[in-house]
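Have a look at the structure below before the remarks.
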Amino acid sequence: MAQFQEVLRQSSLHPKPAGLVLQYGTAGFRTNAKHLDHIMFRMGLLATLRSKKTKATIGVMVTASHNPEEDNGVKLVDPMGEMVTQAWEGYATLLANAEQQDVLTSLKEIIEKEAVNMSQEANVFLGRDTRCSSARLSQAVLDGVSALGGHSKDYGLVTTPQLHYMVCCQNTGDKYGEATVEGYYNKLSQAYIQLIKHAPNCTDDQKHLCVDGANGIGALKVREMEAHLKSGLQISLVNDGSQGKLNDQCGADFVKVQQKPPSGMKMNPGERCCSFDGDADRIVYYYTDSEGQFHLLDGDKIATLISTFLKELLTQAGLNLNIAVVQTAYANGSSTRYLEDTMKVIVRCTKTGVKHLHHAAQEFDIGVYFEANGHGTVLFSKSAEEKIQQLSKDPNTDDERKTAALLLQNTINVINQTVGDAISDMLLIEAILATKGLTVQQWDAIYSDLPNRQLKVKVSDRRVIDTTDAERRAVRPAGLQETIDSLVKKYRQARSFVRPSGTEDVVRVYAEAETQESADALAHEVSLAVYRLAGGVGDEPKPL
Ligand code: G16
């Protein structure tokens, strides 16, 4: 077949370093950009096969999100804008690791297993973040698509959630929106403007928000979005990419893990601030109080704010829809208790990775999913959307119910349901705070977080750690979980777990306890256990 000859020819221009083995991790492949050229070419091939198989447009996003500038990576997007299905993650790993002479064999294996009709047309949407390696790596993806005769559309610099959105729009015949960046801005900003009409007394001060763009794509795109908001939100942007390095001392991951403000952010007491990550699919909020104390409002606080708002609107609208919050093991214990005991919503816990949370959220009428790191969104089932729409149009509905239904409809429209989206989440949070007349301190006071600490431990092979129970318990290496259990018993209200990262070459350690000193001590002791039992490399972890 001529196509296969072309694959061979092009593949030799994107050679795989012999012996290099990479896994499709939490959010695709991720490593130093210099090892990724062959991966990108092959993901272009795979996306083309996936498109032929699904008879739909597939997305490929070149980004390493929260990782340092020198890394890069790739995320594959399925037809409805969700992360690629797990079976195809397996094919991605197979194809990525095939030695140069075996590429065609692996490709044919996938074609056969999935009975891909090679005469079917294929269409791939491509996007990239601002890393300096991203343009070159995008070209490798395009080479892969064209080698198999697929069509492609390169959106250039876009946020990850914008690409997910456009894939969904394209495959739903524009029912979800127009498959352009402009279409995205119009849909979200119009919904936001409608929502804040319900906050007529909002002052200019309350409309002001400081945004840390992580020196990445989110900074460029929030600037473009601002022009559509017609002064409904006044943004002061720092870390806009004009000087600093991507994700360096800034961005959502830095703020969440370090529990401190990003560099460059001047914060007046009580002022609302937020940080995006490197591809703008995560957001966290924060402020300092009058004593200069830093307060973080992470994904758990965001999920609580959003689910409270939605629950109130459902009650006002008289709609009986079930609502659930999906979290991971990183969710602060206080947030889970508050959601279950006070708010009485269903809470589910899944493994890390939005793909897992997304699927769990799909089981409910309304599924709010957020990782503590600020990655999340809200999903509405088709029937929930229909019920809301019917109510808003029903001539027999009283004013209060109709207003609630209209607010719910605009809430649906401001949300990017395909994946976590920092810009969309920011607009939703801002609209909720404005319509409820809440300050960031009042939002923070809904419940108090248990002090917590996250650490990283370097080991020679992080795959020696295996977990179960949504990553809350380690089943390997032998003795590790027993050690963690006995360490946890030393502290009040304590909890700790370890898991191998799927985006960085580290083992992550999480600990929470009644006091910050206890959380820090527990995190350190658990890190030492990982270091000793799971093959730590370099110096032993030091106390904090
Ligand atoms: C990605 C995933 C997130 C995950 C994070 C960290 O985020 O999309 O779901 O929480 O990595 O994963 P891990 O702990 O396995 O390294 P991003 O924003 O970097 O794409």
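Taking Lys and Arg as +1 and Asp and Glu as -1, the other residues whose beta-carbon sits under 14 Å from that of residue 476 total -1. By how many nm would the segment from residue 224 to residue 294 grow when fully extended, if each residue of separation counts as 0.36 nm and the alpha-carbon distance is taken off? This chain segment gains 22.2 nm when fully extended.
With each label modelled as a point 7 angstrom along the Cα→C-beta vector, the residue 363-residue 23 pair spans 2.4 nm. Short-range pairs are left out: with C-alpha atoms under 8 Å and at least six residues apart, the relative contact order of the chain is 12 percent. With θ taken as phi - 60° and the Karplus curve 6.51 cos²θ - 1.76 cosθ + 1.60 applied, the whole-hertz 3J(HN,Hα) list for segment 409-416 is 5, 5, 5, 4, 6, 7, 8, 8 Hz, x standing for glycine and proline.
Of the trypsin sites (Lys or Arg not before Pro) found in segment 281-347, those in coil by DSSP whose Cβ has at most 14 other Cβ atoms within 10 Å are 344. The GluC sites (Glu not before Pro) of segment 190-299 meeting both criteria, a DSSP state outside H, G, I, E and B (loop) and at most 10 other C-beta atoms within 10 angstrom of the site's C-beta, are 291. In sequence order, segment 484-489 has phi-based couplings of 4, 4, 6, 5, 4, 4 Hz under the Karplus curve 6.51 cos²θ - 1.76 cosθ + 1.60, θ = phi - 60°, and Gly or Pro positions carry x. For the pair residue 544 and residue 9, label points projected 7 Å from Cα toward Cβ lie 5.8 nm apart. Taking amide H as placed 1.01 Å from N in the peptide plane, the amide H of residue 277 sits under 5 Å from that of 252, 282, each at least 5 places away or on another chain. Given only helices, namely DSSP H runs of n ≥ 4 each adding -39500 (n - 2.57), what is the per-residue ellipticity at 222 nm of the chain, to the nearest 500 deg cm²/dmol? Rounded to the nearest 500, it is -12500 deg cm²/dmol. Measuring from each cysteine beta-carbon in the chain, the ones with no other cysteine beta-carbon under 4.7 angstrom are 132, 168, 169, 202, 250, 274, 349. The trypsin sites (Lys or Arg not before Pro) of segment 116-186 that meet both conditions, a loop assignment by DSSP and at most 11 other Cβ atoms within 10 Å of the site Cβ, are 175.
For segment 475-527, just say rounded, prolate or oblate: build the C-alpha gyration tensor, square-root its eigenvalues into a ≥ b ≥ c, call rounded for a/c under 1.5, and beyond that prolate if a/b exceeds b/c, oblate if not. In terms of gyration-tensor shape, oblate. What separates the Cα centres of segment 490-544 and segment 223-273 is a distance of 29 Å. The HN-Hα couplings worked out from phi for segment 325-341 by the Karplus form 6.51 cos²θ - 1.76 cosθ + 1.60 (θ = phi - 60°) are 10, 10, 10, 10, 4, 6, 4, 4, x, 5, 5, 5, 4, 4, 5, 6, 7 Hz, whole numbers, x standing for Gly and Pro. With a cut-off of 12 Å between beta carbons, the residues surrounding residue 264 carry a summed charge of -1, where Lys and Arg count +1 and Asp and Glu -1. Local charge for residue 114 was computed over the other residues whose Cβ lies under 15 Å away, with Lys and Arg +1 and Asp and Glu -1, and equals +2.
Normalised by residue count, the chain yields a Cα convex hull volume of 144 Å³ per residue. Does segment 1-125 come out rounded, prolate or oblate by the C-alpha gyration tensor, with a ≥ b ≥ c the root eigenvalues, rounded set by a/c under 1.5 and, if not, prolate when a/b is larger than b/c and oblate if not? Cα axes put segment 1-125 in the oblate bin. Once the chain from residue 245 to residue 442 is taken as fully extended at 0.36 nm per residue, the excess over their C-alpha distance is 67.6 nm. Separation of segment 430-444 from segment 143-207 is 25 Å, based on Cα centroids. Gain on full extension, evaluated as 0.36 nm per residue between residue 190 and residue 399 minus their Cα-Cα distance, stands at 73.0 nm. Protection proxy ranking of 203-209, 533-539, 48-54, 353-359, by the mean of other Cβ atoms within 10 Å over each peptide's residues and highest first, is 48-54, 353-359, 533-539, 203-209.
All of the numbers you see were taken from the coordinates with simple rules; none came from a lab. None of these values were measured; they are calculated from a predicted model. Positions of Cβ are generated from backbone atoms using ideal geometry, with glycine treated the same way; all protein chains shown enter the neighbour counts.
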